[in-house]
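K.L.:
Just dropping this structure here.
The values are calculated or read from the model by the stated rules, or taken from the named source; none is laboratory data. Model, not experiment: these values are computed from the prediction. We place every Cβ from the backbone using ideal geometry, glycine too, and count neighbours over all the protein chains shown. The area values use the complete protein model at the heavy-atom level, side chains included, leaving out ligands, DNA and RNA. Shrake-Rupley method; radii C 1.70, N 1.55, O 1.52, S 1.80 Å.
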Amino acid sequence: MHQNETHADDLDRAAAMLGSARRVAVMTGAGISAESGLATFRGAGGLWEGHAVEDVATPEAFRRDPALVWRFYNARRASLATVDPNPGHRALVALEERMGEDGFTLITQNVDGLHHAAGSRTVLELHGSLRRVRCSGCEITEERGAEPLPELPRCSACDAILRPDVVWFHEALPEDVWQKAEAAARSCQCFVVVGTSAIVYPAAGLIYVAREHGAKVIEINITATEASGAVDVSLRGPSGTILPELIKRMGT
Ligand code: BJW
């Protein structure tokens, strides 16, 4: 077997962990959308116009050069119109249906809306949404989908500059969403972490919260991450292949 191929025994062990859990929480990152054609943030090809995400996704960068920050987000908003959910997103819809509303929580760090587009009913978006804008003056938020926006969009109510309704570095996560995510990590018996480098906090901390509260942790990623040493099973490979296979192995 090729060393990158996930061993069938690991898949079966992970399927058994999922199958015996009354409550499952799943946290996804940019990797789950890579097979839909969206770039991840870090690693090869992860730079945008030579900038690391840490240089453009901050309130300081927005104050310094809002046009640069909007170019970054407008490019990503434009790409939303060209992509569809992949089998990884769809497998999580099937898992939600199987576990039922009380038994399943989907937490995502992604801002692309692809879990909703796939049909997931409840999604905790820790880092906001690219499809929403928020006024930097009066704080009004608006759904704008993937429609093109001007280089420096302004608020129709107060004329201040709009910003993407996402969470930048040094900003707090939405409190209600965070509370629900933390509660799900504390109360699940199985926590599945998919396609994230697990370096951005507080999101990555949920892995350890789940573990400290007794959950089995399964990681699905094409490479090892910061969290790999703390998980019970590592499934190495693309989530668009691994997730459907994992759900299939749970049986009926
Ligand atoms: C595949 C695949 C395939 C590829 N299949 N896998 C504790 C310790 C240290 C630092 C901190 C700490 N607490 C807070 C901090 C500071 C900071 C932080 O974490 N810094 C670290 C970089 C060190 N955190 C913050 O600032 C947070 N705020 C905060 O803590 O505020 C405190 C506060 C409280 C009260 C008042 C005020 C303040 C906020 C963090 C916000 C992060 N925002 C971003 C941008 C969102 C908008 C946007 O999209 O532009 O969120 S940054 C970016 O990183 C984005 C992502 O959601 C996030 C995580 O990235 P992700 O998803 O892991 O992507 P990648 O690219 O890193 O990884 C992709 C993975 O996929 C890889 O592993 C691949 O191998 C894999 N992969 N193809 C499976 N087919």
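K.L.:
Report the semi-axes of the equivalent ellipsoid for the range 1-115 in whole Å, largest first, where each axis is √(5λ) for an eigenvalue λ of the Cα gyration tensor.
P.N.:
Working: eigenvalues 221, 62, 35 Å².
After diagonalising the Cα gyration tensor, the semi-axes are 33, 18, 13 Å.
K.L.:
Mind checking the log10 I(q)/I(0) for the chain at q = 0.18 Å⁻¹? Debye, one equal scatterer per Cα, no solvent, two decimals.
P.N.:
Reported log10 I(q)/I(0), two decimals: -1.42.
K.L.:
Using a simple spin-label model with points 7 Å from Cα along the Cα→Cβ vector, what separation in nm is obtained for Ile199 and Glu101?
P.N.:
4.0
K.L.:
On a full-extension model of 0.36 nm per residue, what is the gain between Ala39 and Arg63, subtracting their alpha-carbon distance, rounded to one decimal in nm?
P.N.:
Values: separation 24, 0.36 × 24 = 8.64 nm, distance 2.52 nm.
Length gained between Ala39 and Arg63: 6.1 nm.
K.L.:
Return the FRET efficiency for the residue pair Cys138, Arg186: r is the Cβ-Cβ distance, R0 is 30 Å, and the value is rounded to the nearest 0.05.
P.N.:
0.25
K.L.:
Per residue, what volume in Å³ does the Cα convex hull of the range 111-252 take up? Walk me through the numbers before you get to the answer.
P.N.:
Working: hull volume 20.5 nm³, N = 142.
It is 144 Å³ per residue.
K.L.:
Mind pulling the per residue volume of the convex hull built on the Cα atoms of the range 5-66? Å³ is fine.
P.N.:
Per-residue hull volume (Cα only) is 147 Å³.
K.L.:
Label-point separation (nm) for Lys248 and Arg22, each offset 7 Å from Cα along Cα-to-Cβ?
P.N.:
It works out to 3.2 nm between the two label points.
K.L.:
Same structure, new question: For the range 131-170, how big is Rg over Rh, using alpha carbon atoms and the Kirkwood form of Rh?
P.N.:
Numbers: Rg = 9.8 Å, Rh = 10.3 Å.
Checking Rg against Rh, the ratio lands at 0.95.
K.L.:
Right, another one. Would you list His51, His213, His127, His115 from the most to the least accessible area, probe 1.4 Å?
P.N.:
Details: His51 55, His213 100, His127 30, His115 5 Å².
Of His51, His213, His127, His115, the descending order of accessible area is His213, His51, His127, His115.
K.L.:
Also, I was wondering about something else. When only C-alpha pairs under 8 Å and at least 6 residues apart count, what is the relative contact order of the chain, in percent?
P.N.:
Values: 456 pairs, mean separation 66.7, N = 252.
Taking the mean separation of contacting Cα pairs over the length of the chain, I get 26 percent.
K.L.:
How large is the convex hull of the C-alpha atoms of the range 107-191 per residue, in Å³?
P.N.:
Taking only Cα atoms, the range 107-191 has a hull volume of 115 Å³ per residue.
K.L.:
Moving to a separate point now. Rounded to a whole number of µm²/s, how large is the Stokes-Einstein D of the range 50-107 at 37 °C and 0.692 mPa s, given Rh as the Kirkwood radius over C-alpha pairs?
P.N.:
228
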